[in-house]
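The values are calculated or read from the model by the stated rules, or taken from the named source; none is laboratory data. Being a predicted model, the structure only gives us computed values, none of them experimental. A quick note on method: Cβ atoms are made from the backbone with ideal geometry, for glycine too, and the neighbour counts reach across all protein chains shown. Remember, those area values only see protein heavy atoms, side chains included, never the ligands or the DNA or RNA. Shrake-Rupley method; radii C 1.70, N 1.55, O 1.52, S 1.80 Å.
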Amino acid sequence: MKLIKAVRGTKDIYGDDGIKYDFITKTAQEFFKNYGYSLIKTPIFEETDLFKRGVGEGTDIVEKEMYTFQDRGERSITLRPEGTAAVVRCYLENKVYAKEDVSRYFYAGSMFRYERPQAGRQREFNQIGVEVLGESSPILDAEVISMGYSFLNKIGITDLEVTINSVGEKESRVKYREVLLNFLNPMKEDLCDDCRMRMEKNPLRVLDCKIEKCKELTALAPIITDSLTEEERNHYETVKKYLNLFGVKYKEDPRLVRGLDYYSSTVYEIVTNKLGSQGTVLGGGRYDNLLKQLGDKEIPAFGFAAGVERIMMLLGEDFPKRDLDVYIAWLGESTMDPAFKIANDLRLSGKSVAIDYNSKGMKSHMKKADKVGAKNVIIIGEDEMSKGVVMLKDFVNRTQEEVSIENLKNILK
Ligand code: HAM
């Protein structure tokens, strides 16, 4: 029989990877809670138009990477390629802006992009992300950049580089578009097909092209920071001032434009040199125009998303492995039922417990306890049972004592 395999570009997460995934997403959620973020979960699929209008018709995501299909009701549905557009859709649909001034959300989950799979690039991948809606202060930009950076440091990922830029807003974008097109027009025929298309739809994205020839040709392109208005420049300067205050080292990259159309003003990425060409661990920025585009609302917003698989690759073996409170070793048939009763009671009192269903000798129990990473082992032998006690072995401190069954819960607290 032919075994069915996972679809190209998808990856199972289980075993140690499952523990790593859990560690990353749970630590992120806990960490971001300190900054006032709460969980948001939006559907995995949305109406296709949300991404066309949100992410932008000229982007790689919308042009060639979306998983789009007709459902049985003949609606055009798309598996979400990213999280921001859906968060904004939910926020607008539920009129959250009428209920609170500033909303701060955290999310974690699968995204789908039909890209060419390689290490660190999948067709189904996971992101953790945050979105803040309703705040225009540049201090927020710096705070969110610092939060993502500090989170990565906290879980053990260092050697990261923060690159930032300002891509301006409407007025300066129109001005820059013209300046850039004047520069690009004479070389149009030498640019790649994608770049020629980008020149029509969003010329800024020509600067994001990964093809060497295009990079070389546009190396001396005018930079957007020269077209910023005074207000935009002040915003950018304040972001940098607060990044310094929060101790975040950054590099300015005037060519950083990001691959999604909704950005304005501050954009940034956090990059590593340890993942080859897929070195962007986290990316985000301000998207004040997206709420206008999707719901005709003047509401500012800022956020980021990070690739969980890329974080997992960077963590390697450096994460807290199995963390089990107790392994129960029962020796002899008559100890089996009391052992399972103790396991059940301890689990109900909040302890994590492992117990084997088959009778085993002491040696193989100890091996198993070690393998599952138990901090304690409770040994239940027939002699101990008759006295109403068990042997409690502390694997961490290497001590051992006889404990009455009633007292177990208190001791393991
Ligand atoms: P993005 O830059 O498209 O931004 O994706 C964010 C991160 O997701 C990337 O830096 C990368 O780590 C990861 N990622 C993207 N594509 C793949 C892939 N094919 N395989 C593995 N990992 C991948 C966004 O998605 C925006 N929604 C971020 C944002 C939130 N901006 C404002 N708020």
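Applying the selection to the range 195-245, what residues are within 30 Å of Ser150 (Cβ to Cβ), within 29 Å of the chain's Cα centre (by Cα) and surrounded by fewer than 17 Cβ atoms within 10 Å (Cβ to Cβ)? Within the range 195-245, Lys210, Glu237, Thr238, Lys241, Asn244, Leu245 qualify.
The residue that is nearest to Thr158 (Cα to Cα), counting only those in the range 262-276 that are within 11 Å of the ligand (Cβ to nearest atom) and open to solvent by 20 Å² or more (accessible area, probe 1.4 Å), is Val271.
So how many residues does the range 234-256 have that are in contact with a strand residue (DSSP E or B) (Cβ under 7 Å, 6 or more places away or on another chain) and either among the hydrophobic types (A, V, I, L, M, F, W, C) or within 11 Å of the ligand (Cβ to nearest atom) (or both)? So the count comes out to 4.
Among the residues of the range 301-328, the ones that are touching a helix residue (DSSP H, G or I) at 6+ places or on another chain (Cβ under 8 Å) and either touching a residue at least 60 places away in the same chain (Cβ under 8 Å) or within 16 Å of the ligand (Cβ to nearest atom) (or both) come to 16 in all. Is one or more of the residues making up the range 63-71 open to solvent by less than 40 Å² (accessible area, probe 1.4 Å) and more than 13 Å from the ligand (Cβ to nearest atom)? Scanning the range 63-71 turns up no residue that is open to solvent by less than 40 Å² (accessible area, probe 1.4 Å) and more than 13 Å from the ligand (Cβ to nearest atom). Residues that are more than 17 Å from Phe23 (Cα to Cα) and surrounded by 22 or more Cβ atoms within 10 Å (Cβ to Cβ) were ranked within the range 305-334; the one that is farthest from the chain's Cα centre (by Cα) is Trp330.
Considering the range 341-378, the residues that are out of contact with any Phe, Trp or Tyr (no Cβ under 8 Å at 6 or more places or on another chain) and of a type in the set (A, V, I, L, M, F, W, C) include one that is most open to solvent (accessible area, probe 1.4 Å), namely Leu348.
Scanning the range 49-96 for residues that are among the small types (Gly, Ala, Ser) and at negative phi gives Gly54, Gly58, Gly73, Ser76, Gly83, Ala85, Ala86. If the condition is being assigned to a helix (DSSP H, G or I) and either touching a His at 6+ places or on another chain (Cβ under 7 Å) or touching a residue at least 12 places away in the same chain (Cβ under 8 Å) (or both), then the range 335-350 contributes Thr335, Met336, Pro338, Ala339, Phe340, Ile342, Ala343, Asp345, Leu346. What's the number of the only condition in (1) in a helix (DSSP H, G or I); (2) open to solvent by 80 Å² or more (accessible area, probe 1.4 Å) that Asn397 fails to meet? With (1) in a helix (DSSP H, G or I); (2) open to solvent by 80 Å² or more (accessible area, probe 1.4 Å) applied to Asn397, the lone miss is (1).
Can Tyr14 be described as crowded, with 18+ Cβ neighbours inside 10 Å and more than 30 Å from Lys201 (Cβ to Cβ)? Against the criterion (crowded, with 18+ Cβ neighbours inside 10 Å and more than 30 Å from Lys201 (Cβ to Cβ)), Tyr14 does not qualify.
Exactly one residue out of Gly148, Gly156 is more than 9 Å from the ligand (Cβ to nearest atom), farther than 25 Å from Leu294 by Cα and modelled with pLDDT under 95, and it is Gly156.
On the basis of being in contact with a strand residue (DSSP E or B) (Cβ under 6 Å, 6 or more places away or on another chain) and on the phi < 0 side of the Ramachandran plot, does Phe23 make the cut? It is false that Phe23 is in contact with a strand residue (DSSP E or B) (Cβ under 6 Å, 6 or more places away or on another chain) and on the phi < 0 side of the Ramachandran plot. In the set (1) more than 12 Å from the ligand (Cβ to nearest atom); (2) in contact with a Ser or Thr (Cβ under 9 Å, 6 or more places away or on another chain); (3) farther than 20 Å from Asp194 by Cβ; (4) open to solvent by 20 Å² or more (accessible area, probe 1.4 Å), Glu74 fails one condition alone, (2).
The residue that is most open to solvent (accessible area, probe 1.4 Å), counting only those in the range 105-122 that are over 15 Å from Ala85 (Cα atoms) and more than 7 Å from the ligand (Cβ to nearest atom), is Arg116. Residues in the range 127-139 that are open to solvent by 10 Å² or more (accessible area, probe 1.4 Å) and in contact with a Phe, Trp or Tyr (Cβ under 6 Å, 6 or more places away or on another chain): Ile139 only. Cβ separations smaller than 8 Å between residues 6+ apart or across chains give no pair from the range 246-274 residues that are within 19 Å of Glu200 (Cα to Cα) and modelled with pLDDT of 95 or more to residues that are assigned to a loop (DSSP other than H, G, I, E, B) and of a type in the set (Lys, Arg). Restricting the first member to the range 34-49 and to residues that are of a type in the set (Phe, Trp, Tyr), and the second to residues that are exposed (fewer than 11 other Cβ atoms within 10 Å of the Cβ) and part of a loop (DSSP other than H, G, I, E, B), the beta-carbon pairs closer than 9 Å and six or more apart or on different chains are Phe45/Asp71. Leu39 meets the stated requirement of being closer than 24 Å to Gly284 by Cβ, open to solvent by 20 Å² or more (accessible area, probe 1.4 Å), of a type outside the set (D, E, K, R) and within 20 Å of the chain's Cα centre (by Cα).
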